[in-house]
């Protein structure tokens with residue numbers, strides 16, 4: 001950068017699940033240095049925070065003002081996304097997920113102007129990830145592919161991305177856990193995560209992500225860990241007595257799903273369990289230290305999360321409580 005006569009200023013005040021506090025600190029930093037471009041390097045939290053900073057820096061107000069989509073009225077700065085994990089797919093999306101410190105709910109603030117102009121996928125920058133980070137971000141990407149495939153906003157474009165994403169992730173997840181320096185597998189995971197992000201951008205997610213967020217808020221459970229515990233139960237719930245949804249799950253599995261005598265949803269749920277087990281992740285909420293007595297409160301909060309509204313099978317608080325019970 002300096003060789004190109006560009007001044008670079010580094011803001012590193014981003015925490016996991018960024019809140020308005022981190023965004024506001026970044027805005028002050030950006031204004032102090034009069035920046036004219038933003039380069040986000042890191043995982044989903046870094047990229048989401050960068051988008052949030054771009055919103056406030058260029059359009060003013062608070063993050064809550066941009067909850068929803070297309071709320072920014074003024075142009076935004078050009079930005080570049082450089083993901084160092086293979087997970088959130090934020091580099092492919094126009095939404096920033098910023099946590100409301102008071103309600104612990106994640107605000108989805110989207111605008112096409114907030115999308116990165118360029119996303120640079122370089123597998124070499126993912127080599128230094130600890131195995132635990134590789135595992136939890138990878139499972140999150142797998143969930144993105146699965147949930148976007150069946151959500152109510154699914155469409156041919158998003159489903160093409162969902163299927164391709166799942167195939168890349170399924171083939172490479174266990175490889176990168178066993179051989180973390182395998183660049184081809186790392187590249188496959190990055191492409192899979194990006195395609196899953198594209199699928200979300202053109203469709204939506206479902207109740208699995210709604211269930212995960214309160215677990216993070218109350219217990220500090222890493223997002224990918226919470227996703228991994230809940231996802232098999234959500235898959236089975238969605239496909240129960242619903243051949244269409246089971247068929248969409250079969251589309252993810254390809255030949256592997258067609259040769260099995262079991263319903264595709266059962267095969268897929270079992271596959272997710274295999275992946276989380278290979279990563280050494282918890283298999284139940286009890287194993288995560290979650291108290292059974294709080295499941296009612298978790299269900300109430302999960303029901304308020306917006307992604308639940310796009311679940312392929314209509315779901316309410318009572319159903320979510322049963323999901324938590326089955327995962328406990």
- Checking 27, 229, 163 against a Gaussian network model of the chain (alpha-carbon springs below 10 Å), the top fluctuating residue turns out to be 27
- Query: Once label points are set 7 Å from the Cα along Cα→Cβ at both residue 32 and residue 65, what is their separation, rounded to one decimal in nm?
  - Reply: 2.3 nm
- Query: Under 16 Å from the 7 Å Cα→Cβ point of residue 153, by amide nitrogen: which residues of the range 30-69?
  - Reply: 66-69
- Query: Which of the peptides 43-55, 312-324 is most tightly packed, and how do the rest follow, going by the mean number of other Cβ atoms within 10 Å of each residue?
  - Reply: 43-55, 312-324
- Message: Quick check: the distance between the Cα centres of the range 275-323 and the range 225-246, to the nearest angstrom?
- Response: 11 Å
- Note on the structure: Quick shape check on the range 1-140: root eigenvalues a ≥ b ≥ c of the Cα gyration tensor, a/c under 1.5 is rounded, otherwise prolate if a/b tops b/c, else oblate, and it reads oblate
- Here the FRET efficiency for residue 328 versus residue 3, based on Cβ atoms and R0 = 45 Å and rounded to 0.05, is 0.20
- Along the Cα-to-Cβ line of residue 24, 7 Å from the Cα, sits a label point; which residues in the range 35-63 have backbone N less than 17 Å from it? 49-50, 52-63
- When ranked by the protection proxy of mean other Cβ atoms within 10 Å per residue, highest first, what sequence do the peptides 57-63, 216-222 form? 216-222, 57-63
- Compute the long axis of helix 207-219 from its Cα atoms, compare it with the longest principal axis of the Cα atoms of the chain, and write down the angle in degrees, 0 to 90, nearest 10. 70 degrees
- Going by alpha carbons, how many degrees (0 to 90, nearest 10) lie between the helix axis of 156-178 and the longest principal axis of the chain? 90 degrees
- Item | Rg to Rh, two decimals, where the range 149-289 supplies the alpha carbon set and Rh follows Kirkwood | 0.95
- Compute the length gained on full extension between residue 80 and residue 274: take 0.36 nm times their separation in residues and subtract their Cα-Cα distance, giving the result in nm to one decimal. 66.3 nm
- Message: Can you give me the C-alpha center-to-center distance between the range 170-210 and the range 148-164, rounded to a whole angstrom?
- Response: 15 Å
- Message: Springs between alpha-carbon pairs under 10 angstrom, Gaussian network model over the chain: which of 161, 37, 109 fluctuates most?
- Response: 37
- Message: As I understand it, the value is the acute angle between the Cα axis of helix 243-253 and the longest principal axis of the Cα atoms of the chain; what does it come to in degrees, rounded to 10?
- Response: 60 degrees
- Item | Over the chain, equivalent-ellipsoid semi-axes from the Cα gyration tensor in Å | 32, 23, 18
- Tell me, 195, 253 in order of fewest to most beta-carbon neighbours within 10 Å? 253, 195
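Where a number appears in this text, it was derived from the coordinates with a stated rule and is not lab data. If you're wondering where the values come from, they're calculated on a predicted model, not measured in any experiment. Positions of Cβ are generated from backbone atoms using ideal geometry, with glycine treated the same way; all protein chains shown enter the neighbour counts.
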